[in-house]
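Beneath this line is the structure, given in structure tokens, with notes to follow.
No lab work stands behind these numbers, since they all come straight from the coordinates. The shown structure was predicted, so the numbers you read here are calculated from the model rather than taken from an experiment. Note: ideal-geometry Cβ built from the backbone for every residue, glycine included; neighbour counts use all protein chains shown.
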Amino acid sequence: MREILTLQIGGAGNAIGDAFWHLISHEHGVDYGSGRFDGTSPLQLDRISVFFNATVSKRFYARTIIIDTEASTIQRLSSSSHLYRPENFVAGSESSGNNYARGYHTDGAEILDQVLESTRREVESLDSLQGFQLLHSIGGGTGSGLTSLIMEALVEQYPDNLLCNYVTIPSPNLSQVIVEPYNALLSIPALVNNSHLTFCLDNEALFQICNRNLKIPMSGYEHINHIVALTMSGLTTCLRFPGQLNAGLRKIYVNMVPFPHLHFLIPGFAPLGSCKEQQFSKGTVAELVQQIFSSNNLLCAIDLRKGKLLTAAGIFRGRMSPREVDQLMTGVRNKNLNNFVDWIPNNIKTAICDIPPRGLKMSATFIGNTTAIQTLFKRLLDLSSIMLRRKAHLHWYTGEGMEEHEFIAAQEELLAIIDEYRASGRDDGDTRDSGKRDSDDEISSRTGPKCQYCTN
């Protein structure tokens with residue numbers, strides 16, 4: 001069986017990971033607290049080894065490595081469930097303080113060997129590893145800095161395996177840490193050059209879904225984590241249960257990524273509505289298709305109409321007609337040809353799994369690779385440029401061994417990926433000049449004032 005090893009890194013990554021394991025353990029009939037199988041269907045055990053390991057005593061544990069630079073998260077997860085293997089907890093002695101430099105150069109580097117040793121132990125016990133699944137945020141110090149360090153090591157030691165990242169993107173309207181733009185900016189080079197599939201989870205869109213779609217008053221991140229876990233469950237459905245398409249990470253990679261650097265994907269999920277709205281739902285496949293192409297159901301605060309889709313996929317769960325699904329998905333493309341690039345033929349894919357998620361008769365998960373993601377990258381670039389222009393809080397990073405030119409290089413990398421996505425939206429699909437950096441004047445206008453007395 002083609003196994004996947006998960007690494008959940010930092011506070012946000014571990015919170016999302018715990019919600020994910022809580023959800024899929026129930027789907028596979030595994031008790032979250034004890035790890036014992038109490039399911040009712042043989043299908044629950046058919047591909048359980050993709051994400052779970054079995055012990056001699058017929059207990060299952062999550063194939064995941066829980067990583068943080070401080071021990072509080074580790075202790076909480078260790079006491080909450082027997083689903084996690086004690087040897088796979090890796091904790092440092094001190095928090096990274098929401099500082100990329102500490103996660104990459106100092107505090108994170110101290111526990112890197114422990115992370116790689118736990119990874120090696122899990123990999124050697126597998127029959128056929130297909131890839132790694134990394135859960136993290138790029139707003140904090142551990143999720144950004146330590147993850148970048150781990151990704152570089154994984155690419156070097158396991159070059160034939162895919163790296164799939166589920167990345168929480170910080171939002172300026174919901175930010176709790178003032179240096180989040182710096183951390184997010186410095187994470188971009190590692191994501192561009194080392195990740196093969198990057199699913200963008202935007203905090204801005206997640207909070208909007210809770211307020212607008214679900215009508216939930218926000219008191220914490222529990223509801224957000226559950227929405228992300230539902231989406232991840234849908235994205236991994238065809239890895240965990242029999243399906244008609246995308247039976248592995250590599251097939252998703254081949255179908256969704258036209259060029260290596262253009263691997264930033266927008267996930268979406270349907271249905272996402274309040275209980276009152278569900279009473280008026282038709283419960284049809286056509287309604288699901290309409291919803292997953294709506295910006296209100298995307299886990300990233302972008303408008304699909306402001307860009308062109310390079311590729312798109314819909315993963316459907318529940319009893320439904322494959323012919324109807326194909327016709328509806330093809331119909332979306334035919335009715336909106338201007339929103340799809342014409343240089344990629346058959347760029348819309350479908351997958352169907354008969355097993356619905358818990359509590360729903362049917363659901364649909366969307367994956368989109370769109371040029372509209374430029375708006376997200378520009379948001380990160382503008383926020384970091386405002387701070388870097390004034391060299392605000394820069395001493396926290398330079399004091400840990402970083403230099404200012406590393407920020408400039410990260411901005412150039414971000415500008416390059418924006419240019420590459422912009423070029424891919426052209427009708428001819430020519431990206432030969434997409435990797436070209438902006439001129440020195442353009443970069444300096446973003447990153448610093450020309451006069452030392454200028455504050456604009």
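Some observations on this one:
- Alpha-carbon spread of the stretch 25-177, three principal axes, descending order, Å: 47, 34, 29
- Of the cross-linked pairs 308/361; 251/349; 308/378; 306/378, those separated by over 20 Å at the C-alpha level are 308/361.
- Annotation: the residues 226, 28, 405, sorted from fewest to most other C-beta atoms within 10 Å of their own C-beta, follow the order 405, 226, 28.
- Computed over the stretch 2-267, relative contact order equals 21 percent, with contacts defined as Cα pairs under 8 Å that lie 6+ residues apart.
- With the highest mean first, a sort of the peptides 335-345, 99-109 on other beta-carbon atoms found within 10 angstrom per residue produces 99-109, 335-345.
- Other residues within the sphere of radius under 14 Å centred on the Cβ of residue 172, judged by their own Cβ, net out at -2 (K and R +1, D and E -1).
- Rounded, prolate or oblate (a/c below 1.5 giving rounded, otherwise prolate when a/b exceeds b/c) for the stretch 2-267 by Cα gyration tensor: rounded
- Packing here is the average count of other Cβ atoms within 10 Å per residue, and on that basis the peptides 412-425, 385-398, highest first, run 412-425, 385-398.
- Out of every Cα-Cα pair that the stretch 302-378 contains, those further apart than 15 angstrom amount to 59 percent.
- Kirkwood-type hydrodynamic radius, the stretch 369-431: 13.1 Å, calculated from all non-identical alpha-carbon pairs.
- Positive dipole terminus of the stretch 1-60, leading residue within 13, 48, 32 (C-beta point charges): 48
- Helical mean residue ellipticity (222 nm; -39500 (n - 2.57) per DSSP H run of 4+; nearest 500) of the chain: -12000 deg cm²/dmol
- Order of 353, 238 under a 10 Å beta carbon neighbour criterion, fewest first: 353, 238
- Global form of the chain, assessed from the alpha-carbon gyration tensor, a/c cut-off 1.5: oblate
- Note that the stretch 68-81 has calculated 3J(HN,Hα) couplings of 7, 7, 10, 8, 5, 5, 4, 5, 5, 5, 5, 8, 8, 7 Hz, one per residue in order, obtained from phi through the Karplus relation 6.51 cos²θ - 1.76 cosθ + 1.60 (θ = phi - 60°); glycine and proline are x.
- Ranked by how many other beta carbons lie within 10 Å on average, peptides 183-192, 40-49, 304-313 from highest: 183-192, 304-313, 40-49
- Pairs of C-alpha atoms in the stretch 1-114 farther apart than 25 Å represent 27 percent of all such pairs.
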